[in-house]
Amino acid sequence: MAPAHAGLGENGRVSEPRSVALLGSTGSIGTQAIDVVRANPGRFRVAALTAGGGNLPLLARQAVELEVEAVGVAAADPADVERAIGQAAREAGRTAYRPEILTGPDANATLAARPVDVVLNGITGSIGLAPTLAALAAGNTLALANKESLIVGGQLVTTAARPGQIVPVDSEHSAIAQCLRGGRAQEVRRLIITASGGPFRGRSREELRDVTPAQALAHPNFAMGRVVTTNSATLVNKGLEVIEAHLLFGIPFERITTVIHPQQQIHSMVEFHDGSTIAQAGPPRMLVPIALGLSWPERLADVDHPCDWTAAQSWDFLPLDEVAFPSVPLARRVGAAGGTMPAVYNAANEVCVDAFHDGLIRFTEIVDTIARVVDDHEQGTATQVCRAGTGIDAPTLDVESVLRADEWARARARAVLGLDEGIS
């Protein structure tokens with residue numbers, strides 16, 4: 001059901017609200033996106049919500065509040081979803097509400113292909129690839145927070161997207177997109193991606209050996225899920241963002257720089273060939289990137305509080321310690337190789353993060369294991385498993401090759417860690 005208030009378009013005319021499919025609605029990105037929708041009545045109509053299934057009561061309350069047409073759950077019994085929505089509807093006094101319910105691994109992709117104005121992909125992990133491709137194929141604008149789908153999909157995603165169809169929601173890439181409005185593509189000298197440095201900034205590699213999962217989850221600025229927060233501690237997340245920046249903006253890896261900025265007030269910068277640098281600044285929160293993902297190219301009013309330029313403050317910028325945090329140079333190598341290599345990097349990392357939180361490996365073994373799996377893949381160990389081999393010499397990349405590389409890398413990482421027989 002459409003909201004009661006219409007939005008205002010150009011020249012103050014009444015316009016239809018922008019329709020949105022929100023994938024991953026119960027996660028950090030999804031819940032903040034709903035906050036943005038609530039704060040802007042009449043601007044958006046949420047047509048569909050999806051979630052993994054770990055928090056059905058919250059998903060049901062969201063669906064009832066927004067009166068969405070369809071609800072998708074990747075891993076849940078349809079009867080459980082219907083029961084949760086029925087309970088939430090009764091509590092809200094909306095007993096007549098009956099959305100379409102989809103369950104199973106294809107639910108995200110099916111709803112991403114619905115005819116809407118914007119699909120916000122807030123799923124975590126490579127499982128976001130199919131919904132990303134489905135949204136692009138349907139011609140929907142894709143507000144992309146699921147960086148993994150772009151990274152593992154590579155040219156599959158970039159060739160499927162028409163110019164301007166992907167709007168980045170990662171704060172760093174949203175910042176770059178905003179800065180690029182200040183100049184032409186041929187005037188860009190380099191992109192500067194900022195990083196907080198995570199909870200272990202300044203520690204040596206030796207000091208990182210014995211950090212605990214609880215310490216790795218204590219991010220200084222952001223509250224995120226387990227995988228993303230751990231990736232921020234290892235700086236794997238920053239490595240993924242370097243690959244993402246290359247794919248989104250077409251800038252060579254040698255012209256993408258990473259710098260540590262602990263305060264995270266500047267989200268990223270673009271340096272132009274005349275020597276000027278444009279930076280995008282704001283609080284270390286995700287509200288503005290999410291709002292821009294929904295409303296691009298327009299800006300919504302009063303999304304967040306701006307920096308207080310009247311208050312005394314100091315901002316620091318430090319070089320990245322690539323010895324203590326080798327994940328970023330490894331990601332550059334992987335991204336430059338292309339093919340299925342980024343899928344291997346990402347998949348091996350997801351296995352290692354789980355192993356670390358299960359108490360099976362040390363913190364430093366996460367990136368060490370990724371590097372070993374990447375080496376094995378590059379040397380051709382996976383040739384018999386992945387149809388495109390390493391993917392480096394493959395003329396084209398396809399979904400089957402990406403998925404098989406992902407499967408191989410997970411099995412190989414488990415074997416390297418001695419978690420199961422895996423594959424040799």
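The values are calculated or read from the model by the stated rules, or taken from the named source; none is laboratory data. If you're wondering where the values come from, they're calculated on a predicted model, not measured in any experiment. Neighbour counts are summed over all protein chains in view; Cβ atoms, including those assigned to glycine, are modelled from backbone coordinates with ideal geometry.
So here's what we get for this one:
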{"item": "The listed residue being modelled with pLDDT under 95 and in a helix (DSSP H, G or I), out of LEU180, LEU156", "result": "LEU156"}
{"item": "Selection from the range 23-81 of residues that are polar (S, T, N, Q) and surrounded by 21 or more Cβ atoms within 10 Å (Cβ to Cβ)", "result": "SER25, THR26, ASN40, THR50, GLN62"}
{"item": "Qualifying residues in the range 178-199 (those that are without any contact (Cβ under 8 Å) to a residue 60 or more places away in the chain and touching a Leu at 6+ places or on another chain (Cβ under 9 Å)) - the one nearest to ARG285 (Cα to Cα)", "result": "GLY198"}
{"item": "Condition met for GLY52 (on the phi < 0 side of the Ramachandran plot and among the small types (Gly, Ala, Ser))", "result": "yes"}
{"item": "In the range 1-40, the residues that are assigned to a loop (DSSP other than H, G, I, E, B) and modelled with pLDDT of 95 or more", "result": "PRO17, GLY24, SER25, THR26, ASN40"}
{"item": "Qualifying residue in the range 329-336 (condition: crowded, with 23+ Cβ neighbours inside 10 Å, outside any helix (DSSP H, G or I) and β-branched (Val, Ile, Thr))", "result": "no"}
{"item": "Residues of the range 110-128 satisfying the condition of being modelled with pLDDT of 95 or more and closer than 20 Å to ILE290 by Cα", "result": "LEU111, ALA112, VAL116, ASP117, VAL118, VAL119, LEU120, ASN121, GLY122"}
{"item": "Scope the range 242-269; condition of a type outside the set (Val, Ile, Thr) and either in a loop (DSSP other than H, G, I, E, B) or closer than 12 Å to PRO329 by Cα (or both); matching residues", "result": "GLY250, PRO252, PHE253, GLU254, HIS261, PRO262, GLN263, GLN264, GLN265"}
{"item": "Pick from the range 86-115, criterion out of contact with any strand residue (DSSP E or B) (no Cβ under 7 Å at 6 or more places or on another chain) and of a type in the set (A, V, I, L, M), ranking: surrounded by the fewest Cβ atoms within 10 Å (Cβ to Cβ)", "result": "ALA96"}
{"item": "Cross-chain or 6+ apart pairs with Cβ under 8 Å, the range 302-317 first and farther than 15 Å from PRO284 by Cα, then of a type in the set (Gly, Ala, Ser) and not in a loop (DSSP other than H, G, I, E, B)", "result": "ASP302/ALA39"}
{"item": "Filter result (surrounded by 19 or more Cβ atoms within 10 Å (Cβ to Cβ) and outside any loop (DSSP other than H, G, I, E, B)) within the range 183-207", "result": "VAL188, LEU191, ILE192, ILE193, THR194, ALA195, GLY198, PHE200"}
{"item": "Meets criteria (in contact (Cβ under 8 Å) with a residue 12 or more places away in the chain, of a type outside the set (A, V, I, L, M) and within 19 Å of GLY335 (Cα to Cα)) for PRO168", "result": "yes"}
{"item": "Members of the range 159-177 found to be within 23 Å of GLU254 (Cα to Cα) and in a helix (DSSP H, G or I), listed by number", "result": "THR159, SER171, GLU172, HIS173, SER174, ALA175, ILE176, ALA177"}
{"item": "Verdict on ILE101 being out of contact with any His (no Cβ under 8 Å at 6 or more places or on another chain), assigned to a strand (DSSP E or B) and more than 23 Å from MET286 (Cβ to Cβ)", "result": "yes"}
